[in-house]
Amino acid sequence: VLFSILPSRVRERVGFALAADIAAIRWFPMVIAELLYGAFPFPRGRGEEKNIEFGLSAVGRLLDSGRSVVVYPEGAISRSENITQLKRGAGLLALEMKVPVIPVFMSGTQKIVPWGKIFPRRRAGVAVRFGEPLYFEGETYDEATDKIAAALSRLKGEAEKYSVN
C-alpha cells in the first residue's frame, strides 16, 4: 500500500524490510517482493539477535547508496489498527544509522491485505498519515523507540479524528 502511494521518484529509491523468517519460509513471494518493491530480508524477534549485524549492514548499504528504508517497527504488520509495542531495534536503527525517521500510520490496510496474507485480497479505502521527521541524538535505544511510538500514537489519533467510516 505504501509503495503504491509514493511518487515514482521516491518509490525508485526505497527499500522495504521484510521479516527474514518469513522470507526464508515463503521464498517465492520474497523474490517477487524483492524484484517489484526493493524488499530485503531483515531479522526480527527472538532468536535472531545474532543476525542483527546482517540487518544493520543491509540497511547501511541502502542508506549509503542514497536510498530510504521502510521498516515496520512493531516487527510485523499489525493485525488491527492498534499500535503494539515497538521492537527495541527501531531505536537502535534510528540512533546507529544517524538518519531522520519519518513515522507513517496507515489504517484500513487489513481490509486489503489481511494479516498472514502476502497479496492483496480486495479494494478498500486506506488512510495514510505521514509525520514530521524525527531526529535523534543522545537518546538511549529505549528512549528513541519510545519517541517513535509516541509519534505513531499521535498520527493514529489524528487519523481517528478525521476518519470517515
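Every number here is computed from the coordinates shown, using simple stated rules; none is lab data. No experiment lies behind these values; they were computed from the predicted model shown. Glycine also receives a Cβ, built like all others from the backbone with ideal geometry; neighbour counts cover every protein chain displayed.
I need the peptides 139-149, 61-71, 85-95 ranked by packing, meaning the mean over residues of other C-beta atoms within 10 angstrom, with the highest value on top.
85-95, 139-149, 61-71
For VAL69, list long-range residues whose amide hydrogen, built 1.01 Å from N in the peptide plane, is under 5 Å from its own amide hydrogen.
Residues meeting the amide H criterion: GLY15.
Starting from the amide H of LEU18, placed 1.01 Å from N in the peptide plane, find each other amide H under 5 Å away whose residue is 5 or more places distant or on another chain.
PHE40, PHE42
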